[in-house]
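Asks: I have a structure here, written as structure tokens, and I will follow up with some questions on it.
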Amino acid sequence: MGVAKFVREHREWSVQSEEWMWSEDGPAWLRKWKGDGIIGRIENRKLASLILKLGIKTVDVRGSVSGLGVPLIDTDDEKVTRLAAEHLMSLGFRHYAFCGFLGANYSDKRCYWFQRHLAQQGLPCIVFSPHASLSKVDTIEYEKRWLGFQEEVAQWISSLPKPIGIMACNDICGQKLLNICRRSGVLVPEEIAVIGVDNDEVLCELSDPPLTSVVPDAFRIGYSAATLLEQLMANQSPPAEPILIPPTGIVARRSTEVLALEDRHLAAGLRFIRENAFRTVRVDDAARMAGMSRRVFERRFAAQFGHPPKAEVTRLRLERAKQLLAETDWNLAEIAERVGLNYPEYLHKVFTSKIGVTPGQFRSSQKNKATLPASGS
């Protein structure tokens, strides 16, 4: 869709497009094609070699093959994993794990960044180490063979401390994890919560339970790729570094719909805050639901989450405000009322202080995501 929007707005391109399996070497027509530019998901070395032999200006939007020497526009995996880690940490987990396709570069990058984000909070991460034979095949073959090692994965899941939050490298892996948990009698999300990446809506909704997933900005990737290709075909210099596009957010579904706290009293207080954050909510009421004095509740809450209960209320309200700014045309007064801040002036003040931009600037940035980033960071 991003490429199509660019073409409508900027250039009358004649576009040749064809779907084929990622594991294939490319369509036959491509070998003798006389086009001017290529936007491609370059999945393997054979396809990469074919494209390079054509000598046509190319933008890669996959990043599966390193060292191609062509510009890359890709999802920012550091920011993807930050969202996933923060989502799981917000649920109160003390144990974390990562499951992916060892050797697939996107999976390896996500594993690295996920572990790093957790380490910054002093939290360890348990990584699934697959059968040695899997590390020697390409990503597509890995995904096919992975089902053959369900017993190995089931044993790994059984060995994990619980409750635990798991990041899967993508939605395919996440769905497979959920299937194995169901067959093994492991409760999701009560014992294991799973978050994937890609937000493949069919795959996520057909998972049992439906899979929470990080949403990459595919539209912006496509628009930016078309913009860059136009520049390359005009003989402008390619960017020195990959252009990385941050994800748009998380779609939370039942696979992470849990409060994973060993302290059940604290969990009751947190649940009260989350259920009432957009109405008038008092810390005294949350403490009473937790069966604690306000002082004890605030101390235990801060020890668990790193911030006091009032800050959690503000965080939830601002996250909801960001969603409404991005997805609706409501004015600030209506949004302020919906998120429990009542006055637009107060929402403006708190939003600007905590988010770093005004609500209007945030809304504008969401509506203009198709702008090509100036750098790769």
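Asks: I need the full set of residues from the range 347-356 which are exposed (fewer than 12 other Cβ atoms within 10 Å of the Cβ) and either over 16 Å from Lys310 (Cβ atoms) or over 28 Å from the mean Cα position of the chain (by Cα) (or both), in order please.
Replies: Result: Gly356, single match.
Asks: Here's a follow-up. Restricting to the range 325-341, and then to whatever is surrounded by 19 or more Cβ atoms within 10 Å (Cβ to Cβ) and of a type in the set (A, V, I, L, M, F, W, C), can you tell me which residue is nearest to Arg363 (Cα to Cα)?
Replies: Leu325
Asks: Sticking with this one: Report whether or not Phe301 is at pLDDT 90 or above, of a type outside the set (D, E, K, R) and within 26 Å of Phe351 (Cα to Cα).
Replies: When the stated conditions are applied, Phe301 passes them.
Asks: What are the pairs, 6+ residues apart or on separate chains, where a residue within the range 251-270 that is over 28 Å from Val215 (Cα atoms) and in the same structural domain as Arg299 (by TED's automatic domain parsing) has its Cβ under 9 Å from a residue that is part of a strand (DSSP E or B) and modelled with pLDDT of 80 or more?
Replies: none
Asks: Determine if the range 365-373 includes at least one residue that is in contact with a Leu (Cβ under 9 Å, 6 or more places away or on another chain), closer than 28 Å to Arg94 by Cβ and surrounded by 14 or more Cβ atoms within 10 Å (Cβ to Cβ).
Replies: Scanning the range 365-373 turns up no residue that is in contact with a Leu (Cβ under 9 Å, 6 or more places away or on another chain), closer than 28 Å to Arg94 by Cβ and surrounded by 14 or more Cβ atoms within 10 Å (Cβ to Cβ).
Asks: Show the residue pairs meeting these rules: Cβ distance below 7 Å; 6+ apart or different chains; first residue within the range 106-124 and in the same structural domain as Ile166 (by TED's automatic domain parsing); second residue of a type in the set (D, E, K, R) and part of a helix (DSSP H, G or I).
Replies: What qualifies is Tyr106/Asp77; Lys109/Asp77; Arg110/Asp77; Trp113/Asp77; Trp113/Glu78; His117/Arg82.
Asks: Quick check: is even one residue across the range 100-112 more than 16 Å from Ala193 (Cβ to Cβ), at pLDDT below 90 and in contact with a Pro (Cβ under 7 Å, 6 or more places away or on another chain)?
Replies: Within the range 100-112, one or more residues are more than 16 Å from Ala193 (Cβ to Cβ), at pLDDT below 90 and in contact with a Pro (Cβ under 7 Å, 6 or more places away or on another chain).
Asks: Here is a follow-up. Looking at (1) touching an Asp or Glu at 6+ places or on another chain (Cβ under 6 Å); (2) surrounded by fewer than 20 Cβ atoms within 10 Å (Cβ to Cβ), which is the only condition Val251 fails?
Replies: (1)
Asks: Going residue by residue through the range 256-270, is there one that turns out to be in contact with a strand residue (DSSP E or B) (Cβ under 9 Å, 6 or more places away or on another chain) and at positive phi?
Replies: no
Residue by residue, here is whether (1) touching a Gly at 6+ places or on another chain (Cβ under 6 Å); (2) closer than 21 Å to Met289 by Cα; (3) touching a residue at least 24 places away in the same chain (Cβ under 8 Å) holds:
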position: His307; (1), (2), (3): no, yes, no
position: Ala311; (1), (2), (3): no, yes, no
position: Glu319; (1), (2), (3): no, no, no
position: Leu324; (1), (2), (3): no, no, no
position: Asn331; (1), (2), (3): no, no, no
position: Glu334; (1), (2), (3): no, no, no
position: Leu341; (1), (2), (3): no, no, yes
position: Glu345; (1), (2), (3): no, no, no
position: Lys349; (1), (2), (3): no, no, no
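Asks: Please pick out the residue among Ala154, Ala119, Ala168 that is at pLDDT 95 or above and either under 28 Å from Val202 (Cβ atoms) or not small (Gly, Ala, Ser) (or both). Let's see the steps before the verdict.
Replies: Values: Ala154 fails: at pLDDT 95 or above; Ala119 fails: either under 28 Å from Val202 (Cβ atoms) or not small (Gly, Ala, Ser) (or both).
After ruling out the rest, the residue left standing is Ala168.
Let's see how each residue does on (1) in contact with a His (Cβ under 6 Å, 6 or more places away or on another chain); (2) closer than 18 Å to Ile172 by Cβ; (3) free of Cβ contacts under 8 Å to residues at least 24 places away in the same chain; (4) acidic (Asp, Glu):
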| site | (1), (2), (3), (4) |
| --- | --- |
| Leu187 | no, no, yes, no |
| Asn199 | no, yes, no, no |
| Thr212 | no, yes, no, no |
| Pro216 | no, yes, no, no |
| Ile221 | no, no, no, no |
| Ser224 | no, no, no, no |
| Leu228 | no, no, no, no |
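The values are calculated or read from the model by the stated rules, or taken from the named source; none is laboratory data. Nothing here was measured: the structure is a model prediction, and the numbers come from that model. Ideal geometry is used to build each Cβ from the backbone, glycine not excepted, and the neighbour counts take in all protein chains shown.
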